[in-house]
1. Suppose all protein chains stay in the model; what accessible area per residue would a 1.4 Å probe give for the chain, in Å²?
2. Given 10 Å bins starting at zero, what is the percent of C-alpha pairs of the stretch 14-82 in each, up to the one with the largest pair distance?
3. Under 37 °C and 0.692 mPa s, how fast does the stretch 95-153 diffuse according to Stokes-Einstein, given a Kirkwood radius computed over C-alpha pairs? Answer in µm²/s, whole number.
4. What is the gain in length, in nm to one decimal, between SER114 and ALA28 on full extension, counting 0.36 nm per residue of separation less the C-alpha to C-alpha distance?
5. Please state the Cα pair-distance histogram of the stretch 117-187 with 5 angstrom bins from zero: what percent is in each bin?
6. Hey, could you get me the Stokes-Einstein D for the stretch 1-158, Kirkwood radius over alpha-carbon pairs, 4 °C and 1.567 mPa s, rounded to whole µm² s⁻¹?
7. Over the chain, what is the mean sequence separation of C-alpha contacts under 8 Å (at least six apart), divided by residue count, expressed as relative contact order in percent?
8. As a test of the formula, what do you get for the chain when each DSSP H run with n ≥ 4 contributes -39,500 (n - 2.57) and the sum is divided by the residue count, at 222 nm and rounded to the nearest 500 deg cm²/dmol?
Amino acid sequence: MIVGVLALQGAVREHMNMISRIGATPLAVKTRDELKKIDALILPGGESTTIGKLMTEFNLKDEIIRRAKEGMPVWGTCAGMILLAKHIVNQENTHLDLMDIWVRRNAYGSQLDSFIAEKRVEGVSEKPIPMVFIRAPYVEKVGSGVKILSEIDGKVVAAREGNLLATAFHPELTDDLSFHRYFIEKM
Ligand code: GLN
């Protein structure tokens, strides 16, 4: 199985390492040709406005939307979650407009810019998973087809809608492979 990581900006290499560790083949995706080769796609963390702009400039946006609507599994981590969302509550632009979630960017404000939590996620891991939040968004509201996977302090931080997965945190910056396994084996 070839798992692409959108490689325009952000935490690309870390995701690629995790994909290799679970025995799938990672591919850094920068072109439409590379998009054709993949079976699943990860949108990494980084800066969502930058990745969103580059996605359009590199002529990838329409093709990602098309593949996702065809059923290709797509997982957005942090900035990637913002890119996936249909609704961004504190920003005008939406990007891929795919997942029925209402996302607040930089939701934890400046005091709590970055923090680590630990929580077991039903269906994903038997043990608590370390969750690294870096200037993270959270989900304020979900549409009726969206399954909430995890909440921290009453805010949704992981959710799934069919072939779309979103996490506000960064599993690729930890040693825990549970979410990568979940994405590759259960979606
Ligand atoms: N704050 C970034 C944004 O709004 C996301 C940060 C991240 O991906 N770690 O795009």
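1. 45
2. Going out from 0 Å in 10 Å bins, the stretch 14-82 shows 19, 56, 24, 1 percent.
3. Details: Rh = 13.0 Å.
Using the Kirkwood radius from Cα pairs, D works out to 253 µm²/s.
4. Working: separation 86, 0.36 × 86 = 30.96 nm, distance 2.65 nm.
So the extension gain works out to 28.3 nm.
5. Per 5 Å bin, starting at zero, the Cα-Cα P(r) for the stretch 117-187 comes out as 3, 16, 31, 28, 17, 5, 0 percent.
6. 80
7. Working: 409 pairs, mean separation 34.6, N = 187.
After rounding, I find 18 percent.
8. Estimated from H runs of four or more residues: -7500 deg cm²/dmol.
The values are calculated or read from the model by the stated rules, or taken from the named source; none is laboratory data. Keep in mind the model is a prediction, meaning the values are calculated, not measured. Accessible surface areas use protein heavy atoms only, side chains included; no ligands, DNA or RNA. Shrake-Rupley method; radii C 1.70, N 1.55, O 1.52, S 1.80 Å.
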